[in-house]
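Trainee: A single structure is presented below for examination.
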């Protein structure tokens, strides 16, 4: 009998995502490998998802990512409406395990349902300093367990959460598309525009280093620069109040000049591949402890070195002086950008050799087995 797993991606973006979508990219990478290994997969997502699965569960029709950072009292019902649909589906279908990716609401609802739903493993994709009231008190009674995406992430978790964690599973990304691309002089930041990702710092660092910078990623859920400017000019107050939009308008947009610093919006497919494969480096200054860093893994897999902050998972991914450079100050980051051409792309690819979709899927199968064997 094959293992039957419900993968809950949440209501925010389709799977695979169009352009930005870290969690959804991980899900889109993992699910095909699980199915190749004989797992029957149901996917709980939004109605615009196109990933091939055995069962598609779509409580909400359209992605709700633009609402993520809105005030809680305006959007708290979105995740709960999604989970209501998930529970309704589980009542009518037999599943061995739920693999959840919905922050806080997923394990809270599944934990409250007790033995009326299958045992659950939640992957923790975020900064565990958030929601300490929940993580410090939640008890999954061995039916809800957690897996981090890096050891540094789990180490920062409250002790109560660490007791309920299984071994972490590093992220993997899809393999690169073979393109005839020459390395250029530009550096790229591949992330949604937000204060934690520090695109304003990246702009100053790139200017200091004399490197053109391309910022790729959505602002407040909007991936088209023309659409963003039009909606702001038309007085879209909901969009203008989004914290990521305010950060962009106040700290990033003043540094855009169309050449030295450009924002190209969200990128996907071949456009994203060409942008990344032609870059001299991925730039990743950070204001937070990055838990998984899919963009870093994408870059190294493609032979592109990384220059970033020594925070979160980056020291575990980037070998200083071999696959990139890590530094705390803008001055040092700029100096290191001047040395990336001396690094061996082969060393970057070799460092990422174990971060494959097959390895990630097999590690999760091991974690599934542990959760199922230890659940009451």
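Trainee: Residues of region 337-363 with the amide nitrogen closer than 16 Å to a label point 7 Å from the Cα of residue 183, along Cα-to-Cβ, please.
Mentor: Inside the label zone: 337-352.
Trainee: Nearest 10 degrees is fine. How inclined is helix 22-36 to the longest principal axis of the chain, computing both from alpha carbons?
Mentor: Tilt of helix 22-36: around 50 degrees.
Trainee: Tell me, how many Å apart are the Cα centres for region 214-264 and for region 282-325?
Mentor: 25
Trainee: Please determine, in degrees from 0 to 90 and to the nearest 10, the orientation of helix 199-209 with respect to the longest principal axis defined by the Cα atoms of the chain, where the helix direction is its Cα long axis.
Mentor: Tilt of helix 199-209: around 30 degrees.
Trainee: Starting from the Cα-Cα distance between residue 264 and residue 160, subtract it from 0.36 nm times their residue separation and give me the gain in nm to one decimal.
Mentor: Extra length from residue 264 to residue 160 when fully extended: 33.2 nm.
Trainee: Ok, one more. Sorting 159, 273 on the 10 Å Cβ count, fewest up front, what's the list?
Mentor: Fewest to most other Cβ atoms nearby, the residues stand as 159, 273.
Trainee: Roughly speaking, what is the stretch gain from residue 2 to residue 131, that is 0.36 nm per residue apart minus the C-alpha to C-alpha distance, in nm to one decimal?
Mentor: So the extension gain works out to 42.9 nm.
Trainee: So how tilted is helix 72-92 from the main axis of the chain? Cα-based, degrees 0 to 90, rounded to 10.
Mentor: It works out to around 50 degrees.
Trainee: Order of 163-172, 48-57 by packing, highest average Cβ count within 10 Å first?
Mentor: 163-172, 48-57
Trainee: Then there is this: Which three lengths, in whole Å and largest first, does region 187-351 cover when its Cα atoms are put on their principal axes?
Mentor: Here the spans come out as 49, 33, 30 Å, largest first.
Trainee: Compute the length gained on full extension between residue 93 and residue 81: take 0.36 nm times their separation in residues and subtract their Cα-Cα distance, giving the result in nm to one decimal.
Mentor: 2.4 nm
Values quoted throughout were computed directly from the atomic coordinates according to the rules given, and no laboratory measurement underlies them. In this text, all values refer to a predicted model and were calculated from it rather than measured experimentally. Every residue, glycine among them, receives a Cβ derived from its backbone with ideal geometry; neighbour counts consider all protein chains shown.
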